[in-house]
1. Any residue that is of a type outside the set (Ser, Thr, Tyr) and in contact with a Lys or Arg (Cβ under 7 Å, 6 or more places away or on another chain) - is there at least one of those in the stretch A:175-188?
2. Give the stretch B:153-184 a look and list any residue that's more than 21 Å from B:Asp255 (Cβ to Cβ) and in contact with a Leu (Cβ under 6 Å, 6 or more places away or on another chain), or say none.
3. Where residues in the stretch A:133-153 are more than 7 Å from chain B (Cβ to nearest Cβ) and assigned to a helix (DSSP H, G or I), which of them is surrounded by the fewest Cβ atoms within 10 Å (Cβ to Cβ)?
4. Among helices (runs of 4 or more DSSP H) lying entirely in the stretch A:261-310, which contain 1 or more residues that are touching a Leu at 6+ places or on another chain (Cβ under 8 Å) and modelled with pLDDT of 95 or more?
5. Where residues in the stretch A:106-132 are acidic (Asp, Glu) and within 9 Å of another protein chain (Cβ to nearest Cβ), which of them is farthest from A:Gly164 (Cα to Cα)?
6. Where residues in the stretch B:154-184 are of a type in the set (Val, Ile, Thr) and part of a loop (DSSP other than H, G, I, E, B), which of them is farthest from B:Ser203 (Cα to Cα)?
7. Just checking, does the stretch B:192-201 include any residue being within 14 Å of chain A (Cβ to nearest Cβ), assigned to a helix (DSSP H, G or I) and aliphatic (A, V, I, L, M)?
8. For the condition under 16 Å from A:Ile139 (Cβ atoms) and among the hydrophobic types (A, V, I, L, M, F, W, C), what is the one hit in B:Leu183, B:Leu158, B:Leu188, B:Leu146?
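The values are calculated or read from the model by the stated rules, or taken from the named source; none is laboratory data. Here the structure is a predicted model, which means the values were calculated and not measured. Glycine gets a Cβ as well: all are built from the backbone with ideal geometry, and neighbour counts include every protein chain shown.
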There are 2 protein chains.
Amino acid sequence: MSETFDFDHWSAHNLARVEQALDRWVGAGDLNPVDHAAAGELLAAMRYAVLDGGKRLRPLLVIAAQEAVSKGAIHTVSEAALRAACAVELIHAYSLVHDDMPCMDNDVMRRGKPTVHVRFGEAGALLAGDALQALAFEILTPAESLVNGITQAKLCGLLARAAGSAGMAGGQAIDLASVGIPLTEAQLREMHQRKTGALLQCSVIMGATCAGATGQSMAALKDYGAAIGLAFQVVDDILDVTADSATLGKTAGKDAVNDKPTYVSLLGLQASQDYARRLLDQSLAALQKSALADTQALEALARMVIGRAY
Amino acid sequence: MSETFDFDHWSAHNLARVEQALDRWVGAGDLNPVDHAAAGELLAAMRYAVLDGGKRLRPLLVIAAQEAVSKGAIHTVSEAALRAACAVELIHAYSLVHDDMPCMDNDVMRRGKPTVHVRFGEAGALLAGDALQALAFEILTPAESLVNGITQAKLCGLLARAAGSAGMAGGQAIDLASVGIPLTEAQLREMHQRKTGALLQCSVIMGATCAGATGQSMAALKDYGAAIGLAFQVVDDILDVTADSATLGKTAGKDAVNDKPTYVSLLGLQASQDYARRLLDQSLAALQKSALADTQALEALARMVIGRAY
């Protein structure tokens, strides 16, 4: 691996591109002609949910995977990958909006500000989430001159499956039904693989798809995505007991209050931290197996997921 | 036009195909591997929302448009059209699930049975709706051997735009914000074009896209779709005051109770009925302009929309 890779620089550059693209695509005139005050309010709720905040881990995974496979110079993110990056972030953002609603987790604080339903009402939050999910697929399907149709179709298919009942929505359903119920480790893993892991892994696969990955590289990147997807949730469970609300930007300690099964409640804190580190090793081993040269950004993102303080 | 076209036969045949396909695709093992009771409950809520009930107007529009453009023999609905038909119905179904929730219309009865949130809880309804929207895009993106990728991408793009903030979700937002507020006819039309019209028109365009329609035919079918889309809502407003709950299969008279602006409240009953008939004429004139020969099913569907008793 190159000694000269500067993750902070890479990350800042690509975060700026993603923020700029989200700002353009969420609530844009082209995609969303508006001539009703209420429609403007819907767009405002969508923008509130997406812009200003968020680590953009999923978009960065898309871009890093695309770059690793395409072996291009750094800073050459394709139109397809930029769209995939934003689309997956919109799915993530919509899930947070709906997840925070009173009938779900009933959370009033997110990224250090009032949640969407607190600010825009429950109906406004419901509709903003619904519209964000649709917008993800709008962004993935521009004119064919921008992204070829076959790639568009593949990206839509990957994202839909990661978001749906076999992925994120299914994981949420398991999560909700598991309050106060002891789960086995296998059941807990299954829940997290769907709820959080599917979309994180999908980010990697979408990026690789934009660059035309196949065979061994794609298989290894899937393994990488699976490992960091699970690690992310293990770390999330750890942070829920070790961090405070101000650091997290959301209410800490909620899992215990809500009697939700977590890795910490199942394995204990130390074993959970050990498990997170093992998953980091797995993800790095998968990158080695990928036989791709430019995996520095993916490696740095894996370390960031495991080592994140919030 | 052929003298021998039998709409009842056509309709029954295609309804059976659509019901069979929905039954296969909603909650199917292939698309949704399940090994958690809670995930099974989510699938049950999705099936409850979609199966057993519904006029399937949108799927029939997709199929009728595909057949009109492809000029094939009746009963030759393509894989692409069958998938488009089911996908648009899933978007419609999810919108009803969310629309019925307490924070929206708070309706407890739909198609003569308890609404999804009454049966499965609010969180269950929220997630089932979310998962149904994702499933629509899953169904549109099968292996390329079944539907070519470029068609898949076009269908995803059309459906996402009809469902999103510029379409259905935007119309819902306007609708919610319009309670107790007098709208002009232009504003009311805009609201309905988005809330209901966009998805109905999209059904026609998706069907035409499956058959490769372009130019004059596509333009005329868009006009047809716009006319019946608006007519549908005008008739809905009429039925809300003229029909009873048992006939409608949902609570009648809700618009007036909720002080919602409707065509009847704006124009009066007689003028609304006249308007519905003018829209029928417009839709039939558009079919003439399409220069397509086999438009009998589309014509019959237009008459059904305007003349429907429930």
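1. The first filter runs over the stretch A:175-188 and keeps only residues of a type outside the set (Ser, Thr, Tyr), leaving A:175-177, A:179-183, A:185-188.
Those still in the list that are in contact with a Lys or Arg (Cβ under 7 Å, 6 or more places away or on another chain) too: A:175, A:179.
Yes, that holds for at least one residue.
2. If we filter the stretch B:153-184 for residues that are more than 21 Å from B:Asp255 (Cβ to Cβ), which is where we start, we get B:153-167.
Selection gives B:Leu155, B:Cys156, B:Ala162, B:Gly164, B:Ser165.
3. A:Thr151
4. Details: elements: A:263-267, A:269-289, A:296-307.
The qualifying helices (runs of 4 or more DSSP H) are A:269-289, A:296-307.
5. Kept after step one, since they are acidic (Asp, Glu), are these residues of the stretch A:106-132: A:107, A:122, A:130.
Restricting the remaining residues to those that are within 9 Å of another protein chain (Cβ to nearest Cβ) gives A:122, A:130.
Values: A:Glu122: 22, A:Asp130: 13 Å.
This residue is A:Glu122.
6. Taking the stretch B:154-184 as the starting set, the residues that turn out to be of a type in the set (Val, Ile, Thr) are B:174, B:179, B:181, B:184.
Among the residues that remain, those that are also part of a loop (DSSP other than H, G, I, E, B) are: B:179, B:181, B:184.
Details: B:Val179: 28, B:Ile181: 31, B:Thr184: 28 Å.
Per the criteria, the residue is B:Ile181.
7. yes
8. On the way: B:Leu183 fails: under 16 Å from A:Ile139 (Cβ atoms); B:Leu188 fails: under 16 Å from A:Ile139 (Cβ atoms); B:Leu146 fails: under 16 Å from A:Ile139 (Cβ atoms).
Of B:Leu183, B:Leu158, B:Leu188, B:Leu146, the one residue that is under 16 Å from A:Ile139 (Cβ atoms) and among the hydrophobic types (A, V, I, L, M, F, W, C) is B:Leu158.
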